[in-house]
Amino acid sequence: MLGAMAALTVRPAFAQGVSRSAGAYPFALGVASGDPARDGFVLWTRLVGPGGAALDAGAVHVRFEIAEDQQFRRVVRSGMHWTSHQRAHSVHIEVEGLDAGRRYWYRFHGLGATSPVGRTATVPIQTARFRLALSSCQHWEQGWFGAYRDMIAADPDLIVQLGDYIYEQTYPGQPVVRTFGSDEPIDLEGYRARHALYRTDPDLQEAHRLFPWAVIWDDHEVLNDYASLANREGVPPGIFAARRAAAYQAYFEHMPLRPSLWGSPSAPQLYRAIDWGELASLSLLDTRQYRSSPPCSPPFSARNVRLVDCHERFRADRTMLGSEQETWLAGRMANERRPWTLLAQGIFFAPLSLDGSGQSVFSDQWDGYAAARGRIMKQLVQPAVSNAFVLSGDVHSFWVNELRPDADAREGPPVATEIVTSALAAQSPPEGRFGDALVNNSHIRYSNVERSGYVLADITQHAFGAALRSIDRHSLRPKAQVLAKIIQERSSSKADVIVERPGAKGSL
Ligand code: FE
Ligand code: CA
């Protein structure tokens, strides 16, 4: 911990973050907003001590203001909020009763200081356009977060973070642009310090300040490849549960998530819906907390391995979402009324055969949970669902996949499309990791396993359009290149993929 804070004080990005007030600015981690609704949102900040360290104080009084204008002439809401060391002096304000479809500005006052002014918006009732940015996998050491500059310039309505927001591990032997300056977190103090370090990045902080976010986690927020309580270190579930609870608590403390989801700190509910007017439904899924252990592996062990001829992966009693979340999603799909149905979730959804046999797959993806995937596909082919997109991350590469009704048969006309966004800032996969994916998987339309970046999507009444934007993670001022565009008309369930730059192995 001491090591972490010492490193914090010398990092150049952090120096930029606190430049507005030498060292002791309590709002050095910035402000954030998230989970917008028609009448409100969540506002976030966390007060810290000198050098970004945890605040050495008990209860602290924080005042917030929400205004209709940037100068705070028309303040529409203000109030007092107590926070304390029990929540790492984080502040979560859940706001209701505001007007739909308009911008608001907000700020906090505490410890004699005023926070930066944040900007956010409520969800419109009717809207012609919904622009969302998809972000995944940001490894502090492996890249700068300059992609957020490009994202900020695109002025999205919502930034969806699909997981691996933080990384717990250092990967020795890989090139780094900066270092964590601390060991792998294993307890509450460690995870809090890791999240705080991330929020000192000026580009990440600015993206939080200017736009509402919707976040879901994947594995690295706790430990690579974990599945419910099964883990790669073979730690007994009872002991791993304490580490997971610490990681979950630190995550909720640092994200603009509704406190009402956080009833049980060791088992918070992350899955939820953020529907955008009458245009798009957005279901945000938790694919880590409730999932069965990976198939064909020892009890309580979870590592992403290449399975060959593992029949257990097809078992009907295996779950990815857990029964409650699955029932919740089924209810939403049965009552879907919006033209566009979006499922945001952490991991590769489509089948991905790693060789010509069709039986070699990764255990950590939905391929390890084939029956559970089949149940989701059944929901997506209901008449109520007209155009479904699965939005995924995790694999540090861009993919566009057709989803067929019987996903595993990989036959029949496409009924939905999956877009997998690459890492925003993390190492590309080792050469050959996915085999000759385009040859062995006829439903995969596009793949680029060499570039990092993000996805920018525009949804209108008539069409869904998305661009795969490649960003050099080694550059602080990167320029985006569009690798491919995906366009799907409302009347079609098949996407057109317009390739601007093919991956190394070609595409289409
Ligand atoms: Fe990742
Ligand atoms: Ca992951």
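A few notes on this one:
- Among residues of the range 310-322 that are free of Cβ contacts under 8 Å to residues at least 24 places away in the same chain, those with a beta-carbon under 7 Å from a residue that is outside any helix (DSSP H, G or I) and open to solvent by less than 80 Å² (accessible area, probe 1.4 Å) at least six positions away or on a different chain give the pairs Glu312/Pro295; Glu312/Cys296.
- From the list Gly234, Gly190, the one residue that fits, being outside any helix (DSSP H, G or I) and away from ligand 2 (no atom under 16 Å from the Cβ), is Gly234.
- Elements of type strands (runs of 3 or more DSSP E) contained in the range 250-349, each with 1 or more residues being of a type in the set (Gly, Ala, Ser), touching a Ser or Thr at 6+ places or on another chain (Cβ under 6 Å) and open to solvent by less than 40 Å² (accessible area, probe 1.4 Å): 280-284
- The set of residues from the range 121-146 being under 13 Å from the mean Cα position of the chain (by Cα) and either surrounded by fewer than 24 Cβ atoms within 10 Å (Cβ to Cβ) or away from ligand 2 (no atom under 16 Å from the Cβ) (or both) comprises Leu132, Ala133.
- Test: residue in the range 225-240 that is of a type in the set (S, T, N, Q), within 16 Å of ligand 1 (Cβ to nearest atom) and under 21 Å from Ser392 (Cβ atoms): no
- Selection status of Ser392, within 16 Å of ligand 1 (Cβ to nearest atom) and buried (at least 19 other Cβ atoms within 10 Å of the Cβ): yes
- Filtered residue count, the range 193-230, keeping only those that are assigned to a helix (DSSP H, G or I) and under 30 Å from Tyr369 (Cβ atoms): 3
- Residue check for Arg149: under 16 Å from Tyr454 (Cβ atoms) and either within 16 Å of ligand 2 (Cβ to nearest atom) or open to solvent by 30 Å² or more (accessible area, probe 1.4 Å) (or both): yes
- Residues (open to solvent by 10 Å² or more (accessible area, probe 1.4 Å) and either within 23 Å of Gln86 (Cα to Cα) or not small (Gly, Ala, Ser) (or both)) located in the range 226-237: Leu229, Arg232, Glu233, Val235, Pro236, Pro237
- Here Leu223 fits the description: within 16 Å of ligand 2 (Cβ to nearest atom), free of Cβ contacts under 8 Å to residues at least 60 places away in the same chain and open to solvent by less than 10 Å² (accessible area, probe 1.4 Å).
- Checked against (1) exposed (fewer than 14 other Cβ atoms within 10 Å of the Cβ); (2) over 30 Å from Phe180 (Cα atoms), Pro430 passes all but a single condition, namely (2).
- Residue check for Ile166: within 16 Å of ligand 1 (Cβ to nearest atom), in contact (Cβ under 8 Å) with a residue 12 or more places away in the chain and in contact with a Pro (Cβ under 9 Å, 6 or more places away or on another chain): yes
- Residues of the range 393-423 satisfying the condition of being away from ligand 2 (no atom under 16 Å from the Cβ) and part of a loop (DSSP other than H, G, I, E, B): Arg404, Pro405, Asp406, Ala407, Asp408, Ala409, Arg410, Glu411, Gly412, Pro413, Pro414, Val415
- Here the condition is being in a loop (DSSP other than H, G, I, E, B), away from ligand 1 (no atom under 16 Å from the Cβ) and open to solvent by less than 10 Å² (accessible area, probe 1.4 Å); of Ser386, Ser353, Ser357, it holds for Ser353 alone.
- Top-ranked residue of the range 199-220 - restricted to ones that are away from ligand 2 (no atom under 16 Å from the Cβ) and acidic (Asp, Glu), ranked as surrounded by the fewest Cβ atoms within 10 Å (Cβ to Cβ): Glu206
- When the range 172-204 is filtered for residues that are of a type outside the set (D, E, K, R) and either more than 24 Å from Ser428 (Cα to Cα) or at pLDDT below 95 (or both), the ones remaining, listed by number, are Pro172, Gly173, Gln174, Pro175, Ile186, Leu188, Gly190, Tyr191, Ala193, Ala196, Thr200.
- Taking the criterion of being more than 22 Å from Tyr171 (Cβ to Cβ) and of a type in the set (A, V, I, L, M, F, W, C), the residues of the range 203-229 that qualify are Ala207, Leu210, Phe211, Trp213, Ala214, Val215, Ile216, Leu229.
- Verdict on Ala426 being within 23 Å of Arg291 (Cα to Cα) and either touching a Ser or Thr at 6+ places or on another chain (Cβ under 8 Å) or in contact (Cβ under 8 Å) with a residue 24 or more places away in the chain (or both): no
- Residue that is farthest from Tyr454 (Cα to Cα) [pool: residues in the range 464-494 that are of a type in the set (Gly, Ala, Ser) and at pLDDT below 95]: Ser491
The values are calculated or read from the model by the stated rules, or taken from the named source; none is laboratory data. Values in this document were obtained by computation on a predicted structure and should not be read as measured data. Positions of Cβ are generated from backbone atoms using ideal geometry, with glycine treated the same way; all protein chains shown enter the neighbour counts. Protein only, heavy atoms only, side chains kept; ligands, DNA and RNA dropped before computing areas. Shrake-Rupley method; radii C 1.70, N 1.55, O 1.52, S 1.80 Å.
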